[in-house]
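Engineer: What follows is a single structure, and I will ask about it in a moment.
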Amino acid sequence: MSYSVAIFHSVSATLRAERVLGQAGLSIKLIPTPRQLSSDCGVALRFESAFRQDIEKLLTLAQMEAEIHDLAR
Amino acid sequence: MKTIDARGLACPQPVLLTRKALQEVDEVTIIVDNLAATENLRRLASNEGCEVQVRAEKDVFHVALRRIGRAAGPSQAEAPLPTAEAGTKTVLLVTSDGLGQGSQELGQVLMRAFFHTLGEMKSLPSVAIFMNNGVKLTVNGSPILEDLKNLATRGVELLSCGTCLNYFEITDRLAVGRISNMYEIAEALFQAGKIVSP
């Protein structure tokens, strides 16, 4: 299983994104930001890399900025 | 044969009274008014070498215990303190569904992050105890159910306080692990080598 993570500017932005993506039925998990990725925000949203495009589209539609990284497995 | 009316008695009274009675007789019938107590009594029966039958009648449960083999020597709880082995167990004590004070929303985020991280650790606690608001994490709708199920399959015992489940009226929504009582919980805490309480 290969995962990607979306990192936002703040905890509240992350939670908002979680709600938006969750309501759209996407399978995402709130996790601590992986150590190898430095960030202002300590939590990130993890999802299966296969859904990356869907998630990027939804975030753009919701006007939410995020950095998306693929996690090495 | 002794009959004990434990209706209205709070956990762990029913278990203590039954255990005491079993020291004098081989058959005990105890009447309790909540499901959590019947689960605790089933476990006591198993520890004491008794067969157990639970009969529900209106709002109460009649629990009949009958010893089927003589216990050889002092009962479990009277045995001398366990060996060094027991003192090396790590116990996770969760007393709320949020981690820390200040913001409830943040607390829940932290708790979710904590349990995710726990799942990635090589060495896991032997038991996780959930009390007060913590029992909201082991019932249907909990944000960490998948993490808890993962811990359970890896051998972590998940104990939810029966009194707490009963108080919040969510006993029938328990989704992972089993119901425990103050007696078992206190024992686990005192025998622990390390207690981690997020």
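Bear in mind these aren't lab numbers, they're just calculated from the coordinates by the rules spelled out. Only a predicted model underlies this, so the values are computations on that prediction, with no experimental measurement involved. Heads up, the Cβs are rebuilt from the backbone with ideal geometry, glycines too, and the neighbour counts pull from every protein chain shown.
Engineer: Packing-wise, with mean Cβ within 10 Å as the measure, how do B:43-53, B:58-68 rank, highest first? Walk me through the intermediate numbers first.
Structural biologist: Details: B:43-53: 17.7, B:58-68: 16.1.
The densest-packed peptide leads the list: B:43-53, B:58-68.
Engineer: Continuing with this model, one more query. Would you mind telling me the antiparallel percentage of the DSSP bridges in the protein assembly as shown, rounded to 5? Intermediate results must be reported in sequence, preceding the final value.
Structural biologist: Details: 27 of 45 bridges.
Antiparallel bridges make up about 60 percent of those DSSP assigns within the protein assembly as shown.
Engineer: Rule-of-thumb check for the stretch B:77-198: C-alpha Rg over 2.2 N^0.38 Å? Display every interim value, and only then the final one.
Structural biologist: On the way: Rg = 14.2 Å, N = 122, 2.2 N^0.38 = 13.7 Å.
After normalising by residue count via 2.2 N^0.38 Å, the value is 1.04.
Engineer: For chain B, with a Gaussian network of springs between Cα atoms less than 10 Å apart, report the residue from B:L16, B:L41, B:L158 with the top mean-square fluctuation.
Structural biologist: For chain B, modelled as a Gaussian network with Cα springs under 10 Å, the answer is B:L16.
Engineer: Further question on the same structure: Which of A:A13, A:A62, A:A44 ends up with the largest GNM mean-square fluctuation for chain A, with Cα atoms connected below 10 Å?
Structural biologist: A:A62
Engineer: Same structure, new question: Averaged across B:108-117, how many Cβ atoms of other chains sit within 10 Å of each residue's Cβ atom?
Structural biologist: Details: counts 2, 9, 4, 0, 5, 7, 1, 0, 6, 2.
Shielding by partners across B:108-117 averages 4.
Engineer: Can I ask one more? Under a plain spin-label model, where a point goes 7 Å from the Cα along Cα-to-Cβ, how far apart in nm are B:Q191 and B:N47?
Structural biologist: 0.8 nm
Engineer: Okay, moving on. Which FRET efficiency value, to the nearest 0.05, do you get for B:K2 and B:Y167 by plugging their Cβ-Cβ distance into 1/(1 + (r/R0)^6) with R0 = 25 Å? Display every interim value, and only then the final one.
Structural biologist: On the way: r = 29 Å, r/R0 = 1.17.
The value I calculate is 0.30.
Engineer: Sticking with this one: On a 0 to 90° scale, report how tilted helix B:13-22 is relative to the longest principal axis of chain B, with both axes built from alpha carbons and the result rounded to the nearest 10.
Structural biologist: Computed tilt is about 40 degrees.
Engineer: Given +1 on the Cβ of Lys and Arg, -1 on the Cβ of Asp and Glu, and no further charges, what dipole in debye does the protein assembly as shown carry about its Cα centre, rounded to the nearest 20?
Structural biologist: Values: 28 positive and 30 negative charges, 64 e Å.
Result for the protein assembly as shown is approximately 300 debye, rounded to the nearest 20.
Engineer: Ok, one more. Which entries in the list B:K58/B:K149; A:K29/A:K57; A:K57/B:K136; B:K20/B:K149; B:K20/B:K194 go over 25 Å, if you measure between the two C-alpha atoms of each?
Structural biologist: Values: B:K58/B:K149 34 Å; A:K29/A:K57 18 Å; A:K57/B:K136 34 Å; B:K20/B:K149 36 Å; B:K20/B:K194 31 Å.
Table pairs above 25 Å Cα-Cα are B:K58/B:K149; A:K57/B:K136; B:K20/B:K149; B:K20/B:K194.
Engineer: For the protein assembly as shown, with the dipole built from +1 on Lys and Arg beta-carbon atoms and -1 on Asp and Glu ones, taken about the Cα centre, which of B:L106, B:V156, A:S39 lies farthest toward the positive end?
Structural biologist: Highest projection toward the positive end goes to B:V156.
Engineer: Could you work out the helix-only [θ] at 222 nm for the protein assembly as shown, with each DSSP H run of four or more residues adding -39,500 (n - 2.57) and the total divided by the number of residues, to the nearest 500 deg cm²/dmol? Numbers along the way, then the final one.
Structural biologist: Values: 8 runs with 87 residues, N = 271.
It lands at -9500 deg cm²/dmol.
Engineer: Same structure again: Kirkwood hydrodynamic radius (Cα pairs, Å) of the protein assembly as shown? List each step's numbers first, then the result.
Structural biologist: Values: mean 1/r = 0.0471 Å⁻¹.
So the Kirkwood estimate lands at 21.3 Å.
Engineer: Whose amide H sits under 5 Å from the amide H of B:E157, counting only residues 5 or more places off or on another chain, with H placed in the peptide plane?
Structural biologist: Those lying under 5 Å, H to H, from B:E157 are B:V127, B:A128.
Engineer: Please find the FRET efficiency linking A:A50 to B:E105, where r is the Cβ-Cβ separation and R0 is fixed at 41 Å, and quote it to the nearest 0.05.
Structural biologist: The value I calculate is 0.85.
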